[in-house]
Amino acid sequence: MTKYKNLSGGSGVDKYLITDTSIKIQFVKSNKVYVYNHIKPGSSHVIKMKELAEAGRGLATYISQIIKKNYHSIES
(Lines give C-alpha, C1' and ligand atoms only; values in the text may rest on other atoms or scores of the structure.)
Protein backbone atom coordinates (compact mmCIF):
# COMPACT_ATOMS: atom_id res chain seq x y z
CA MET A 1 0.00 0.00 0.00
CA THR A 2 1.05 3.59 -0.60
CA LYS A 3 1.30 6.06 2.27
CA TYR A 4 -1.26 8.86 1.81
CA LYS A 5 0.51 12.23 1.42
CA ASN A 6 -1.97 14.00 3.74
CA LEU A 7 -1.12 17.48 2.45
CA SER A 8 -3.83 19.06 4.61
CA GLY A 9 -2.23 17.57 7.71
CA GLY A 10 -5.35 16.21 9.40
CA SER A 11 -6.56 13.33 7.25
CA GLY A 12 -7.98 10.12 8.64
CA VAL A 13 -6.55 8.21 5.66
CA ASP A 14 -3.26 6.42 6.31
CA LYS A 15 -2.60 4.26 3.21
CA TYR A 16 -4.24 3.33 -0.08
CA LEU A 17 -3.89 0.83 -2.91
CA ILE A 18 -5.21 1.52 -6.39
CA THR A 19 -6.18 -1.37 -8.68
CA ASP A 20 -7.87 -1.34 -12.09
CA THR A 21 -11.36 -1.59 -10.61
CA SER A 22 -11.00 -0.47 -7.00
CA ILE A 23 -9.30 1.56 -4.34
CA LYS A 24 -8.46 0.05 -0.97
CA ILE A 25 -8.05 2.39 1.97
CA GLN A 26 -6.64 1.95 5.45
CA PHE A 27 -7.58 4.62 7.94
CA VAL A 28 -5.28 5.96 10.65
CA LYS A 29 -7.15 4.43 13.58
CA SER A 30 -7.87 1.03 12.02
CA ASN A 31 -6.10 -2.18 11.01
CA LYS A 32 -8.87 -2.93 8.52
CA VAL A 33 -8.75 -2.13 4.82
CA TYR A 34 -11.92 -0.79 3.21
CA VAL A 35 -12.54 -1.76 -0.40
CA TYR A 36 -14.39 0.61 -2.72
CA ASN A 37 -15.03 -0.67 -6.25
CA HIS A 38 -17.04 -0.23 -9.45
CA ILE A 39 -19.96 -2.10 -7.92
CA LYS A 40 -20.12 -0.18 -4.66
CA PRO A 41 -19.96 2.84 -4.46
CA GLY A 42 -19.67 2.87 -8.28
CA SER A 43 -17.09 3.69 -10.92
CA SER A 44 -17.53 7.48 -10.91
CA HIS A 45 -16.87 7.62 -7.16
CA VAL A 46 -13.90 5.26 -7.42
CA ILE A 47 -12.36 7.38 -10.17
CA LYS A 48 -12.75 10.50 -8.01
CA MET A 49 -11.32 8.72 -4.96
CA LYS A 50 -8.28 7.58 -6.98
CA GLU A 51 -7.67 11.16 -8.12
CA LEU A 52 -7.89 12.47 -4.55
CA ALA A 53 -5.63 9.70 -3.24
CA GLU A 54 -2.94 10.50 -5.77
CA ALA A 55 -3.28 14.23 -5.11
CA GLY A 56 -2.84 13.62 -1.37
CA ARG A 57 -5.66 15.94 -0.37
CA GLY A 58 -9.43 15.66 0.14
CA LEU A 59 -9.90 11.89 0.25
CA ALA A 60 -11.09 11.56 3.86
CA THR A 61 -13.47 14.49 3.40
CA TYR A 62 -14.90 12.97 0.22
CA ILE A 63 -15.44 9.65 1.98
CA SER A 64 -17.02 11.19 5.09
CA GLN A 65 -19.30 13.58 3.18
CA ILE A 66 -20.19 11.68 0.00
CA ILE A 67 -19.39 7.97 0.31
CA LYS A 68 -20.07 7.47 4.02
CA LYS A 69 -20.51 3.72 4.69
CA ASN A 70 -21.05 2.84 1.02
CA TYR A 71 -18.00 0.56 0.71
CA HIS A 72 -17.94 -2.85 -0.96
CA SER A 73 -16.18 -4.85 1.74
CA ILE A 74 -13.67 -4.82 4.59
CA GLU A 75 -10.46 -6.83 4.70
CA SER A 76 -8.81 -7.62 8.02
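One table, with the values for the structure above:
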read-out	value
Strands (runs of 3 or more DSSP E) wholly inside the chain containing at least 3 residues that are more than 11 Å from the chain's Cα centre (by Cα)	73-75
Residues satisfying the stated conditions in the range 3-19, i.e. closer than 18 Å to ILE74 by Cα and either of a type in the set (Val, Ile, Thr) or open to solvent by 60 Å² or more (accessible area, probe 1.4 Å) (or both)	VAL13, LYS15, LEU17, ILE18, THR19
Enumeration of residues in the range 55-76 that are more than 19 Å from LYS5 (Cα to Cα) and surrounded by 15 or more Cβ atoms within 10 Å (Cβ to Cβ)	ILE67, TYR71, HIS72
Contacts under 9 angstrom Cβ, first residue in the range 4-17 being on the phi > 0 side of the Ramachandran plot, partner surrounded by 15 or more Cβ atoms within 10 Å (Cβ to Cβ) and in a loop (DSSP other than H, G, I, E, B), 6 or more apart	ASN6/GLY56; ASN6/ARG57
Search result, residues across the range 52-76 that are among the acidic types (Asp, Glu) and either farther than 14 Å from VAL13 by Cβ or in contact with a helix residue (DSSP H, G or I) (Cβ under 9 Å, 6 or more places away or on another chain) (or both)	GLU75
Residues (more than 12 Å from TYR71 (Cβ to Cβ) and surrounded by fewer than 17 Cβ atoms within 10 Å (Cβ to Cβ)) located in the range 31-54	ASN31, HIS38, SER43, SER44, ILE47, GLU51, GLU54
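The values are calculated or read from the model by the stated rules, or taken from the named source; none is laboratory data. Source: prediction; values computed, not measured. Virtual Cβ from ideal backbone geometry, glycine too; neighbours counted across all protein chains shown. When the accessible area is computed, the model is the full protein with side chains, heavy atoms only, and any ligands, DNA or RNA have been set aside. Shrake-Rupley method; radii C 1.70, N 1.55, O 1.52, S 1.80 Å.
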